[in-house]
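This report concerns only the one structure given below.
The values are calculated or read from the model by the stated rules, or taken from the named source; none is laboratory data. Just so it is clear, the model here is predicted, and its values are computed rather than measured. Neighbour counts are summed over all protein chains in view; Cβ atoms, including those assigned to glycine, are modelled from backbone coordinates with ideal geometry. Only protein heavy atoms, including side chains, enter the accessible area calculation; ligands, DNA and RNA are left aside. Shrake-Rupley method; radii C 1.70, N 1.55, O 1.52, S 1.80 Å.
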Amino acid sequence: MTVSEVINLILGFLGFAIAILLFWSLPVPGFTSKNTDRLPFLSIIIPARNEEGRLSPLLQSLQEQRFKSFEILVVDDDSTDNTVALAESYGARVLQNKGIGSGKSSACWLGAKEAKGAWLLFLDADTKFTSVDGLRNLLHFYQVKGARGILALQPYHTVEHLYEHLSIVFNIIVVVGMNLFTAWGSRFKAAGSFGPCLLCNRDDYFLSGGHQKIEGAIMDDLALGQAFLDQNLPVRCLGGRGTISFRMYPEGLGSLIEGWCKSFAVGSKSTHPVVMLMVILWITGSLTTASALISSIMDASAVLMIINGALYILYAVQTALFARRVGNFRWMYFPFYPLFFIFFAGIFLYSFVRVNIFHSVKWKGRNIKV
């Protein structure tokens, strides 16, 4: 066995072991009280820009909730489709974000100022509750934890088409990049908060400066979480499985690439260096193992084929288990796991270039300056 082959094996086993510590667990809200008497009136704020094709499942799921003490504010951000009419057909109050192309943060701030509720729930238009008690359980969990700061859920990713599986590694790293789900728990400072489902109380929101303070931030969820942390307010991040789900980028591969490009090179700056190093080792080990397996097959080395083959299977299973924590990704695709890591590396590099050289990214027809 050559030195390079030994190094490949060390990197492979090290990356696999490190990944276990990297993504130790993903807690989900577990409180299920049926008492709604003590829950305050809630304002649900949904920023929307051309969301005609994605808004209906969310509004339908809200109609089906057993907890009814809420208002729905859909903040239209210069839509050119039937978003407004659709929202009004479900009984939502529609607000117009007057500054054309103002963006999500401006829309959320407008909604918060117009809200009547003591608690504010910000939801992305592509989310939906997956049970009739999902909203109630979310609110009770926040109440039990003291009803302070932010409670943010990363919705469970539902996929329908093959190209959507290219998001596997992105979805995993979005979660672990929050610094909170390693074997060391909350030892590392939170990178911010998840954005698609974010619950807070009104007083804490305005004390932090809210979305007005983070106007212009590409990663508004991370920036808002940091604004709360700056005021010594707690930020709790959990998985949304069993409570809330979403389907990301159903429009096609182009939308998927634009969306992850917008998010990743900027978001990575908030990840703790130790967590980032662990991510790098995991990606390196996974790709090194795949390369070593191909080399051992070409060299007809039976011993190395067995070792590298076994390690390859371990990585495939590990990636599948991690992915199933965050979405309903199909098991049949994980034997081809290196393709997901290669795609991730390519988009991350593209995002890095767009952010640090061209200082702009594209999203929903806009050129967003960085």
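What helices (runs of 4 or more DSSP H), lying completely within the range 169-277, carry at least 1 residues that are at pLDDT 95 or above and either under 12 Å from the mean Cα position of the chain (by Cα) or hydroxyl-bearing (Ser, Thr, Tyr) (or both)?
Ranges flagged: 202-208.
Taking the stated definitions as given, is Tyr142 under 22 Å from Leu238 (Cβ atoms) and either modelled with pLDDT under 95 or not β-branched (Val, Ile, Thr) (or both)?
yes
Among the residues of the range 168-189, what is the count of those that are among the aliphatic types (A, V, I, L, M), over 21 Å from Ile347 (Cβ atoms) and buried (at least 19 other Cβ atoms within 10 Å of the Cβ)?
Number satisfying all stated conditions: 1.
Quick check on this structure: which one of Ser360, Ser351 is at pLDDT below 95, surrounded by 15 or more Cβ atoms within 10 Å (Cβ to Cβ) and either small (Gly, Ala, Ser) or more than 18 Å from Leu256 (Cβ to Cβ) (or both)?
Ser351
Can you tell me which of (1) within 30 Å of Phe194 (Cα to Cα); (2) open to solvent by 60 Å² or more (accessible area, probe 1.4 Å); (3) free of Cβ contacts under 8 Å to residues at least 24 places away in the same chain; (4) part of a helix (DSSP H, G or I) is the one Ile297 doesn't meet?
Answer for Ile297: the failing condition is (1).
Could you tell me whether any residue of the range 30-38 is of a type in the set (Lys, Arg), open to solvent by 60 Å² or more (accessible area, probe 1.4 Å) and at pLDDT 95 or above?
No - not one qualifying residue is present in the range 30-38.
Return the pairs, sorted by first residue and then second, in which the second residue is hydroxyl-bearing (Ser, Thr, Tyr), the first residue lies in the range 304-318 and is without any contact (Cβ under 8 Å) to a residue 12 or more places away in the chain, the beta carbons are less than 7 Å apart, and the residues are 6+ apart or on different chains.
none
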